[in-house]
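A quick write-up on the structure given underneath.
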């Protein structure tokens with residue numbers, strides 16, 4: 001017998017979350033943390049990302065990933081304006097950077113490509129002419145619907161990235177790309193092992209990540225940064241890739257996007273599966 005999930009008191013949840021946000025904005029982090037814990041008590045699945053905000057304030061443990069309910073809710077809410085905000089307002093151009101590096105290194109064409117966290121299809125659009133067949137997956141149903149309307153992908157799924165990689169039994173890919181996915185993940189072993197299981201020998205994994213100054217990590221492999229997204233250390237990325245069977249082809253420093261007028265530092269990583 002399946003257990004029915006507890007019905008959320010939406011009014012109490014909204015009150016607690018708005019109170020927490022106001023306290024955080026005012027710099028009263030201890031009181032904000034108490035309010036975010038109230039939010040988690042009311043909504044254990046964490047649609048509002050309270051656990052991520054607690055970690056960002058240094059008032060909670062760093063989760064191994066952003067909650068699925070939070071990521072799906074966040075992107076469902078922004079699906080209609082996503083392209084405009086990300087590209088036009090935040091100067092997001094990672095998909096074009098991926099295309100440029102693939103061209104510069106002479107890595108294309110590809111037979112089968114997988115776009116993890118495909119969103120509305122920005123990366124699919126940038127790579128469409130480089131692959132015979134592209135599959136896209138995203139946690140946000142609204143994002144996938146918009147990607148479907150653009151007619152860029154041969155197949156689309158609503159799924160979490162690691163779950164899809166674990167469950168997929170179709171023929172392997174020769175390219176897996178994940179742009180703006182790692183900022184919602186902390187620990188990366190499951191993602192990298194899943195990629196290995198879904199790549200042909202010599203297949204490529206290309207992804208972007210956000211990073212912070214080394215002193216901010218204070219020896220940690222990853223952390224939640226000031227904008228509630230995960231940042232990963234360069235050493236951690238390289239170590240986990242090597243440990244899971246990849247050869248690092250290239251790691252380049254990039255500006256992932258602008259945030260409040262300031263550039264967000266990141267990396268564009270190309271790795272090859274070497275069995």
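Read the figures in this text as sums done on the coordinates, not as results from a lab. What you see is a predicted model; the values in this text were computed from it and never measured. So basically every Cβ, Gly included, is an ideal-geometry build from the backbone, and we count neighbours across all protein chains shown.
Observations
- Helix-only [θ]222 nm of the chain, DSSP H runs n ≥ 4, -39500 (n - 2.57) each, per residue, nearest 500: -11000 deg cm²/dmol
- Mean Cβ count within 10 Å, highest first, over the residues of peptides 189-195, 214-220, 233-239: 189-195, 233-239, 214-220
- Anisotropy class of the stretch 138-275 from Cα gyration tensor, a/c 1.5 cut: oblate
- Of the peptides 142-154, 242-254, 38-50, the ranking by mean beta-carbon count within 10 Å, highest at the top, reads 38-50, 142-154, 242-254.
- Difference of contour (0.36 nm per residue) and Cα-Cα distance, residue 215 to residue 87: 43.1 nm
- Global geometry of the stretch 1-63, whether rounded, prolate or oblate, following the gyration tensor of its Cα atoms and the 1.5 cut on a/c: oblate
- If you plug the beta carbon distance of residue 41 and residue 255 into 1/(1 + (r/R0)^6) with R0 = 51 Å, you get a FRET efficiency near 0.85.
- Computed label-point distance, nm, for sites residue 29 and residue 145 using a 7 Å Cα→Cβ extension: 3.9 nm
- Packing here is the average count of other Cβ atoms within 10 Å per residue, and on that basis the peptides 155-162, 205-212, highest first, run 205-212, 155-162.
- Shown here: percent of Cα pairs over 26 Å apart, derived from the displayed model; of the candidates (i) 43; (ii) 48; (iii) 38, it corresponds to (i).
- Residues residue 22 and residue 238, FRET efficiency given R0 of 35 Å [Cβ-Cβ distance, rounded to 0.05]: 0.30
- Pairwise label distance in nanometres, residue 59 with residue 197, each label 7 Å out on the Cα-Cβ vector: 3.8 nm
- Convex hull volume per residue, computed on the Cα atoms of the stretch 24-95, equals 126 Å³.
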